[in-house]
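> Here it is: the structure, laid out below.
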Amino acid sequence: MSEVSASEDEANIIMLTWRGKTAAEVAFEEALAASNKKIRITHFDAGRDRRALGEYLHSNEAEIRSADVVYTFGTLTARTVKAFGLKGVPHVFNIVADPVGTGLVDSLDNPGADRTGAKNTVPLRPVFEVLCAATPFSKVAVLFDPREVTSEAQVFQLEEALAPLGKAVKPVRFVPDAGNLSNQTDYIRNQLSDVDLVYIPAVSSYVGQTGLISEVSPKDAVIVGAIEAYVGKGATIAIGVDYSERGRTAAEMVLTILDGVSPEVLPVREVAIEDAIIVIDQDEPRSKKIDVDAIEGMVRVIQ
């Protein structure tokens with residue numbers, strides 16, 4: 001746990017992270033420091049340990065429930081804080097793929113609770129419209145981990161997005177930590193054999209498995225990641241968000257709340273396709289199937 005800029009008359013922000021400070025938190029702190037408000041940030045990182053997060057919440061209950069705002073990184077952290085109950089303390093989440101499907105808010109436009117924040121995914125329909133222009137495909141495999149609360153919701157969203165485009169969607173179950181990885185590998189390889197595009201949704205259990213997914217996918221199937229973290233580890237391309245921009249967005253929302261606006265009427269912030277980062281791994285052989293010229297104006301980073 002760490003604190004910065006402490007004094008008695010400052011607003012108190014509790015910042016809870018799951019896997020250390022990312023670029024989002026760095027930008028979040030910088031944006032708050034650059035404001036005209038006096039702010040104290042108390043940071044706790046769970047180190048990917050749900051028990052540690054729960055213990056911190058209960059051991060520091062009084063401080064947390066007297067904070068001006070609580071900031072959280074990721075879906076699991078946000079849902080844990082929701083279950084803990086902040087008793088009216090405003091909660092700003094960040095880097096959450098599906099805040100409605102996971103029960104964090106009633107809707108993106110009207111959160112309906114003392115909670116709002118920023119998504120880390122771009123709406124799927126415009127993402128796949130870009131992909132349609134950049135690479136030919138007809139059948140998309142989408143992986144899902146039933147243990148992850150956002151996973152199956154993303155399958156449904158993908159089916160909704162691709163139906164008007166005339167593309168077939170094939171859900172493929174993959175549970176990395178189930179203890180039978182070798183058996184699953186054969187199953188996944190078989191399931192992916194007839195697809196020409198593989199979509200890896202924003203699911204935390206897949207971040208360390210992108211190389212395996214690439215290995216079992218057809219050699220001519222483009223692998224699309226929902227988040228930039230997948231590229232360079234096996235994914236061909238990702239159309240996602242800039243974590244630094246999300247951090248600045250979350251800071252802007254916190255400052256708005258400190259000015260007296262209730263989070264329940266502060267819409268969840270999405271990323272328009274025009275503001276997305278498109279990352280392509282040019283060292284990945286499948287990248288040759290992508291027509292970069294078709295999306296040249298939108299590519300922010302090419303690895």
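> Of the conditions (1) of a type outside the set (S, T, N, Q); (2) at pLDDT below 95; (3) farther than 17 Å from A235 by Cα; (4) assigned to a loop (DSSP other than H, G, I, E, B), A202 clears all except one; give me its number.
Status for A202: all satisfied but (3).
> Please enumerate the residues belonging to the range 65-85 that are crowded, with 19+ Cβ neighbours inside 10 Å, over 18 Å from the mean Cα position of the chain (by Cα) and outside any strand (DSSP E or B).
Hit for the range 65-85 is A67, nothing else.
> Looking at A272, A251, which is the one that is within 18 Å of the chain's Cα centre (by Cα) and either open to solvent by less than 10 Å² (accessible area, probe 1.4 Å) or among the polar types (S, T, N, Q) (or both)? First the steps, then the outcome.
Working: A272 fails: either open to solvent by less than 10 Å² (accessible area, probe 1.4 Å) or among the polar types (S, T, N, Q) (or both).
None of the others qualify; the one that does is A251.
> Right, here's the next one. So how many residues does the range 124-166 have that are surrounded by fewer than 16 Cβ atoms within 10 Å (Cβ to Cβ) and of a type outside the set (K, R)?
The number of residues fulfilling the criteria is 13.
> Given the criterion surrounded by fewer than 18 Cβ atoms within 10 Å (Cβ to Cβ), in contact with a Lys or Arg (Cβ under 9 Å, 6 or more places away or on another chain) and of a type outside the set (F, W, Y), identify the matching residue among V195, V175, V216, V169.
V175
> Which residues, counting only those in the range 106-119, are open to solvent by less than 10 Å² (accessible area, probe 1.4 Å) and in a loop (DSSP other than H, G, I, E, B)?
P111
> Also: Can you tell me which of V207, V203 is open to solvent by less than 20 Å² (accessible area, probe 1.4 Å), of a type in the set (V, I, T) and farther than 23 Å from K289 by Cβ?
None of the other options fit; the residue is V203.
> Here are some conditions: (1) in a loop (DSSP other than H, G, I, E, B); (2) on the phi < 0 side of the Ramachandran plot. G88 meets all but one. Which one does it not meet?
The one condition G88 does not meet is (2).
> Pull out all pairs, ordered by first then second residue, where Cβ-Cβ is under 6 Å, the residues are six or more apart or on different chains, the first lies in the range 276-299 and is open to solvent by 50 Å² or more (accessible area, probe 1.4 Å) and of a type outside the set (V, I, T), and the second is assigned to a loop (DSSP other than H, G, I, E, B) and at pLDDT 90 or above.
K289/T135
> Tally time: how many residues in the range 13-41 are open to solvent by 10 Å² or more (accessible area, probe 1.4 Å), farther than 24 Å from D242 by Cβ and not charged (D, E, K, R)?
Looking only at that region, the number is 1.
> If I ask for residues that are assigned to a strand (DSSP E or B) and in contact (Cβ under 8 Å) with a residue 60 or more places away in the chain, which ones from the range 238-255 would you list?
Those that are assigned to a strand (DSSP E or B) and in contact (Cβ under 8 Å) with a residue 60 or more places away in the chain: I239, G240.
> Which of the residues spanning the range 142-159 are touching a Lys or Arg at 6+ places or on another chain (Cβ under 8 Å) and free of Cβ contacts under 8 Å to residues at least 60 places away in the same chain?
Selection gives V142, F144, P146.
> Right, something else. For the range 221-233: of the residues being assigned to a loop (DSSP other than H, G, I, E, B) and open to solvent by less than 10 Å² (accessible area, probe 1.4 Å), which is nearest to A11 (Cα to Cα)?
Checked the range 221-233; the qualifying residue nearest to A11 (Cα to Cα) is A226.
> Would you call V105 under 21 Å from the mean Cα position of the chain (by Cα) and under 27 Å from A11 (Cβ atoms)?
Spelling it out, V105 is indeed under 21 Å from the mean Cα position of the chain (by Cα) and under 27 Å from A11 (Cβ atoms).
> Turning to a different aspect of this structure: Can you tell me which residue in the range 158-199 is farthest from P126 (Cα to Cα), limited to those that are part of a helix (DSSP H, G or I) and hydroxyl-bearing (S, T, Y)?
Looking at the filtered set, the residue picked out is S182.
> Taking the stated definitions as given, is L76 modelled with pLDDT under 95 and on the phi < 0 side of the Ramachandran plot?
Yes.
> Continuing with the same structure: If I filter the range 45-64 for residues that are in a strand (DSSP E or B) and either over 25 Å from E228 (Cα atoms) or open to solvent by less than 50 Å² (accessible area, probe 1.4 Å) (or both), do I get at least one hit?
Among the residues of the range 45-64, not one is in a strand (DSSP E or B) and either over 25 Å from E228 (Cα atoms) or open to solvent by less than 50 Å² (accessible area, probe 1.4 Å) (or both), which makes the answer no.
> Across the range 234-245, what is the total count of residues that are open to solvent by less than 40 Å² (accessible area, probe 1.4 Å) and aromatic (F, W, Y)?
Filtering the range 234-245 for residues open to solvent by less than 40 Å² (accessible area, probe 1.4 Å) gives 234-241, 244.
Next cut, aromatic (F, W, Y) only: none.
Residues meeting the conditions: 0.
The values are calculated or read from the model by the stated rules, or taken from the named source; none is laboratory data. Every value quoted in this text rests on a predicted model; they were computed, and no experiment measured them. Virtual Cβ from ideal backbone geometry, glycine too; neighbours counted across all protein chains shown. SASA here: full protein model, heavy atoms, side chains in, ligands and nucleic acids out. Shrake-Rupley method; radii C 1.70, N 1.55, O 1.52, S 1.80 Å.
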